[in-house]
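Since the structure comes first, as structure tokens, the remarks are kept for the end.
The values are calculated or read from the model by the stated rules, or taken from the named source; none is laboratory data. Note that the structure is a prediction, hence the values are computed from the model and not measured. Here the Cβ positions follow ideal geometry from the backbone for every residue, glycine too, while neighbour counts run over all protein chains shown.
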């Protein structure tokens, strides 16, 4: 006995356009910090990461553990062209602000050709060769006060992700 089955090819194609655990995908995204005001989250107007402006979409395999876990978890099951908003808490990204991460450095120990304006960053290395970035947050009586916290430590972030390709 022969059975004739009519298939909707548009629906079949759509299945291939869904992000799966082993998909190779290309995305564009923006990332903003989120401030809380009177218990409500409000987004700051400045975007600090934007692949659209750089015209550099990000391509990766969903199994790649180098890619943020929250990207992988929130994109599975989404379709090509879909825009996904992902909110990220501080502990899932740059951590909370550590109060014991500010230090005093004599300005005289910094080479003269290095920018020591408040808000500037200094890069140094530990004895083991690990690079450490410090942000200058103040200058008091010839000493620089530096903060080792990441500038985004303690901040909630929101990523707006557009899925532009699925393979």
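Laid out as a table, the results:
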| read-out | value |
| --- | --- |
| Which numbered condition residue 129 misses (of (1) over 20 Å from residue 31 (Cβ atoms); (2) part of a strand (DSSP E or B)) | (2) |
| Residue 113 vs. criteria under 26 Å from the mean Cα position of the chain (by Cα) and on the phi < 0 side of the Ramachandran plot | no |
| Matching option when the condition is surrounded by 15 or more Cβ atoms within 10 Å (Cβ to Cβ), touching a helix residue (DSSP H, G or I) at 6+ places or on another chain (Cβ under 7 Å) and free of Cβ contacts under 8 Å to residues at least 40 places away in the same chain, among 143, 92 | 143 |
| Residue within region 121-140 that is surrounded by 12 or more Cβ atoms within 10 Å (Cβ to Cβ) and out of contact with any strand residue (DSSP E or B) (no Cβ under 6 Å at 6 or more places or on another chain) present | yes |
| Any hit, region 79-102, residues being in a strand (DSSP E or B), at pLDDT below 95 and over 30 Å from residue 23 (Cβ atoms) | yes |
| Pairs, first under 20 Å from residue 102 (Cα atoms) in region 112-129, second loosely packed, with under 11 Cβ neighbours inside 10 Å, C-beta under 9 Å, six or more apart | 120/114; 121/115; 122/114; 122/115; 123/131; 124/131; 125/131 |
| Selection from region 149-167 of residues that are touching a strand residue (DSSP E or B) at 6+ places or on another chain (Cβ under 6 Å), over 14 Å from residue 48 (Cβ atoms) and assigned to a loop (DSSP other than H, G, I, E, B) | 167 |
